[in-house]
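Here's the structure we're looking at; comments come further down.
The values are calculated or read from the model by the stated rules, or taken from the named source; none is laboratory data. This structure is a prediction, so every number in the text was calculated from the model and none was measured. Virtual Cβ from ideal backbone geometry, glycine too; neighbours counted across all protein chains shown. Side chains are part of the model used for accessible areas, which takes the heavy atoms of the whole protein and leaves out ligands, DNA and RNA. Shrake-Rupley method; radii C 1.70, N 1.55, O 1.52, S 1.80 Å.
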Amino acid sequence: MPLSIAIIGSGPAGFYTADALTKACPDCRVDFIERLPTPFGLIRGGVAPDHQTTKRVAKKYENTAMMQHVHFYGNVEIGRDVSLMELRAMYDAVVLAVGAPADKKLTIPGANKIGVHGSAAFVGWYNGHPDFRDLKPDLNTNSAVVIGNGNVAVDVARVLLRSPRGMAESDLPDHVAAMIHAAPITEVHMVGRRGPADAKFTNVELREMGNLKLTNPRVRPEQLPEDLDAVLAGYDERDRRLRIRNLGTLREFSTRKDTNKPKNVYFDFFASPVEILGGEQVEAIRFERTRVENGKCLGTGEMFEIECGLVIPSIGYRSEPIEGAPFDEKQGIIPNDNGRIEAGLYAVGWIKRGPSGVISSNRPDGVIVAEYIAEDITADPDRHGRDQLEAVLKQRRIRWIGYSDWQRLEAMEIENAEGHAPRKKFVTVEDMIHALDGLPN
Ligand code: NAP
């Protein structure tokens, strides 16, 4: 009897696990349970709309989704439509691949003011994620502050500054494009609490900021280190090379002559946010200057303010607890032993190890868990996997979205695209269901 395995979440970690399972136990039946009607997680909802080449990895995931023993149940939410406990009774093994969808909270006074949007929400909004369709950020300001020095901060800054022409081949939703391109934002400040040598963004992403048609990259040369050995002492060889490349790019930015480009992105380092100022609406943000000692960021007591009408804290993500599974509140992950949680329950990706790494970093997680499942689990004749799941979903009148439904949706998105855009996304679940089934009577 073949094993029945449910993978909760259909982002990269889920797909690498499914692919590895089809190799580790070729007969097993693998079912994706996905909250949204659409697959691919952060590939669709997180990777920036102008990074279409990165999004192409979804074509590889599609090969997995099309395999005979792999099924997709979209628009099915754990805890709302079916519980984890129920799934564990139906399947021989359940793999949690739900990622880290929430913002790590910025806990300074004023962080709840209108005009402050965490990057999970803001990135979701500009990517047409249904959860953030109604975010409606007020972009009527000439100055925005992006807090953080990771790749998400770079994505946010670039999407705010990129010209309509630069975005022409993106899948930025129309309502988002209309707002961003009408916004008077000309100054974006990307502020990191540590130094330029400690920034987490990668070099390709940083260099892209120097190639924007309408934007000057601004770096203050006095913030760049003279003594590389001193600032890179704590990093291993590979990290040193990456950071030296970033420092070279920042130095090149710092030597650029004035141009007539109308917008600026300021890379400001050694500044930790202490308070967001204003009435109901953000008007400025106060930072404390820092210095870095032995990798630690220490306040100097010197304060300064940046006037702005929009603040996007891009300071990392957080997983959320799932009813029926343990959760480590402090680390924001499910406690696990390299993917094993407890008998029959496994974790991969960001819910396993926290929100870091690139897309392919999820592959080894999937391979390891597939090997564990092949080792740990034998099929239980009382667990019928998808037959039981479908019976329950039918009984509860859940309109699940199969992979062929998604392919129909995708074909419509591609057909509806205008100009050079690759697709015109459906941005609400209702629109997706209506597009598939027509309007309800
Ligand atoms: P990240 O790389 O962990 O960066 C988070 C940034 O926020 C860091 O600069 C961190 O500073 C700062 N930060 C954290 N808490 C803060 C606080 N309380 N106050 C001020 N600053 C704070 O996270 P991310 O940018 O969200 O990216 C998540 C992962 O996705 C990363 O692995 C990233 O490379 C990946 N990603 C990749 C791409 C791409 O390849 N193009 C695009 C997007 C995301 P410290 O360093 O001082 O902690």
| Signed unit charges on C-beta, dipole axis of the chain, positive-most listed residue 306, 392, 228 | 228
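Relative to the present Cα-Cα distance, how much length would full extension add between residue 1 and residue 112 at 0.36 nm per residue of separation?
On the way: separation 111, 0.36 × 111 = 39.96 nm, distance 5.39 nm.
Result for the pair: 34.6 nm of gain on full extension.
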| Taking only Cα atoms, what is the 0 to 90° angle, nearest 10, from helix 403-416's long axis to the longest principal axis of the chain? | 40 degrees
| remark: Taking max minus min of the Cα coordinates of the chain on each principal axis, largest first, gives extents in Å of 69, 52, 37
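Taking a threshold of 22 Å on the Cα-Cα distance, which of the pairs 104/424; 59/352; 263/424; 136/424 fall above it? Before the final figure, lay out each step's value.
Values: 104/424 30 Å; 59/352 25 Å; 263/424 28 Å; 136/424 19 Å.
Where the Cα-Cα span goes over 22 Å, the pairs concerned are 104/424; 59/352; 263/424.
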| task | With a 4.7 Å Cβ cut-off, tell me which Cys residues in the chain come up empty for a partner. | result | 297, 308
| Mean accessible surface per residue for region 137-295, computed with a 1.4 Å probe while every protein chain stays in place, in Å² | 47 Å²
| Of all accessible heavy-atom area on the chain, the percent that carbon and sulfur account for (1.4 Å) | 50 percent
| query | Using the Cβ atoms and a cut-off under 10 Å, what net charge is assigned to the surroundings of residue 254, where Lys and Arg are +1 and Asp and Glu are -1? | reply | +2
| remark: With Cα coordinates, the longest principal axis of the chain makes an angle with the long axis of helix 151-161, in degrees rounded to 10, of 70 degrees
| Sites residue 289 and residue 228, calculated FRET efficiency, Cβ-Cβ separation with R0 22 Å, nearest 0.05 | 0.50
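How much length is gained if the chain between residue 175 and residue 51 is pulled fully straight, taking 0.36 nm per residue apart and subtracting their Cα-Cα distance, in nm to one decimal? Please report the intermediate quantities before stating the final value.
Values: separation 124, 0.36 × 124 = 44.64 nm, distance 1.90 nm.
Difference between extended and current length: 42.7 nm.
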| Residues with beta-carbon under 15 Å from that of residue 106, excluding residue 106: net charge, scoring Lys, Arg +1 and Asp, Glu -1? | +3
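Which value, in debye to the nearest 20, describes the size of the charge dipole of the chain about its Cα centre when Lys and Arg Cβ atoms bear +1, Asp and Glu Cβ atoms bear -1, and nothing else is charged? Let's see the in-between values first.
Numbers: 55 positive and 62 negative charges, 225 e Å.
The dipole of the chain has a size of about 1080 debye.
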| task | Could I have the simple spin-label model distance between residue 207 and residue 135, label points 7 Å from Cα toward Cβ, reported in nm to one decimal? | result | 2.9 nm
| remark: Rounded to the nearest 10, the angle in degrees between the Cα long axis of helix 237-254 and the longest principal axis of the Cα atoms of the chain comes to 50 degrees
| message | Given the DSSP H assignment, sum -39500 (n - 2.57) over each helix run of at least 4 residues in the chain and divide by its residue total; what's the result at 222 nm in deg cm²/dmol, nearest 500? | response | -9500 deg cm²/dmol
| remark: Averaging 1/r across every pair of distinct alpha carbons in region 129-180 and inverting yields a Kirkwood hydrodynamic radius, in angstrom, of 12.4 Å
| Setting aside same-chain residues fewer than 8 positions from residue 257, which lysines have a Cα under 29 Å from its Cα? | 200, 213
| said: Can you tally the net charge around residue 2? Count Lys and Arg as +1, Asp and Glu as -1, for every other residue whose Cβ sits under 15 Å from the Cβ of residue 2. | reply: -2
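Determine the percent antiparallel among the DSSP beta bridges restricted to region 103-315, to the nearest 5. Intermediate results must be reported in sequence, preceding the final value.
Values: 16 of 37 bridges.
Roughly 45 percent of the beta bridges in region 103-315 run antiparallel, per DSSP.
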| note | Check: C-alpha center region 367-441 vs C-alpha center region 6-40, spacing in Å is 11 Å
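Determine the percent antiparallel among the DSSP beta bridges restricted to the chain, to the nearest 5. Working shown, then result.
Numbers: 23 of 61 bridges.
In the chain, DSSP labels about 40 percent of beta bridges as antiparallel.
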